[in-house]
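Everything below concerns the one structure shown next.
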Amino acid sequence: MRRATFAPGFCAYLENSKPVSSRTEAGRELAEKLVSYAGRDDVIVLGLPRGGVPVAFEVAQRLGAPLDVFIVRKLGVPGFEELAAGAIASGGVRVLNEDVMRAIPHADEAIEAVTARETAELERREHEYRDGRPAPELCDRVVILIDDGLATGATMRAAVKALRQSGTAKIVVAVPVGPPDTCREIEQEADETICLSTPAFFQAVGQYYEDFSQTSDDDVRELLNQATKHDLSQS
């Protein structure tokens with residue numbers, strides 16, 4: 001059974017002019033909603049880079065769970081790159097939008113070329129972020145999938161679909177903020193959905209944060225290295 005947890009009252013939150021200070025604070029607040037997963041050997045926390053990783057880092061530290069990244073790359077239609085024919089994700093998983101594929105001339109050939117290009121970029125980023133560490137095993141694990149917020153939810157939906165193909169035992173999507181409709185759509189895909197704030201008049205993820213400065217590749221790499229050192233010290 002899929003369970004969604006929504007925390008209402010975001011409008012009052014805005015009226016008090018008290019958005020969270022940063023992704024770090026958002027992660028700590030989110031972690032309090034996930035304490036039932038603390039100390040479990042089968043749990044892993046995955047952050048969607050870049051902005052989801054600082055949030056995921058705080059959750060992983062609170063739960064005593066390993067942290068890694070889960071990268072999703074859109075497969076744009078050649079000549080109409082903003083139109084997604086599908087996506088690829090960490091672990092070599094590809095999800096295709098069959099409706100879009102049917103509308104593309106010579107679809108198989110075209111999408112294979114795009115897939116090859118995006119796969120190379122995905123692998124480059126994974127290697128850079130992990131400093132050569134192998135990807136974690138996800139089969140039969142409870143995956144807590146985190147971003148710094150939802151807008152359209154397209155990337156998160158692609159990530160969930162890709163994780164389904166990885167044999168995960170359970171997928172928990174956890175985000176600090178997102179529009180109500182998007183959170184409900186994600187709830188149909190994931191096994192559990194936690195969204196702390198669901199503003200009725202959502203404009204952008206950044207409205208939830210006092211500091212929404214960009215997270216760099218170096219930031220992601222440093223947080224993953226910190227998490228790895230913490231895991232080794234606890235083993």
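Considering the range 16-59 alone, what residues qualify as being part of a strand (DSSP E or B) and over 20 Å from Val205 (Cα atoms)?
Val43, Ile44, Val45, listed by residue number.
So for the range 176-189 (the condition being in a strand (DSSP E or B) and touching an Asp or Glu at 6+ places or on another chain (Cβ under 6 Å)), does at least one residue qualify?
no
Go through the residues of the range 21-36 one by one and say whether even a single one is surrounded by 22 or more Cβ atoms within 10 Å (Cβ to Cβ) and closer than 18 Å to Pro136 by Cα.
No: zero hits.
Yes or no, residue by residue, for (1) aliphatic (A, V, I, L, M); (2) touching a strand residue (DSSP E or B) at 6+ places or on another chain (Cβ under 6 Å):
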{"position": "Cys139", "(1), (2)": "no, no"}
{"position": "Ile146", "(1), (2)": "yes, yes"}
{"position": "Ala154", "(1), (2)": "yes, no"}
{"position": "Gly167", "(1), (2)": "no, no"}
{"position": "Lys170", "(1), (2)": "no, yes"}
{"position": "Gly178", "(1), (2)": "no, yes"}
{"position": "Ala200", "(1), (2)": "yes, no"}
{"position": "Gln203", "(1), (2)": "no, no"}
{"position": "Lys229", "(1), (2)": "no, no"}
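Would a scan of the range 130-142 turn up a residue that is surrounded by 24 or more Cβ atoms within 10 Å (Cβ to Cβ), in the same structural domain as Glu29 (by TED's automatic domain parsing), at pLDDT 95 or above and among the hydrophobic types (A, V, I, L, M, F, W, C)?
no
Determine whether Ala200 is of a type in the set (A, V, I, L, M) and either surrounded by fewer than 22 Cβ atoms within 10 Å (Cβ to Cβ) or over 18 Å from Gly47 (Cα atoms) (or both).
yes
Determine, yes or no, whether Arg73 is surrounded by 19 or more Cβ atoms within 10 Å (Cβ to Cβ), among the basic types (Lys, Arg) and under 30 Å from Glu222 (Cα atoms).
The answer is yes for Arg73.
The values are calculated or read from the model by the stated rules, or taken from the named source; none is laboratory data. As the structure is a computational prediction, the values presented were derived from the model and not from experiment. FYI the Cβ positions are ideal-geometry reconstructions off the backbone, even for glycines, and counts take in every protein chain you see.
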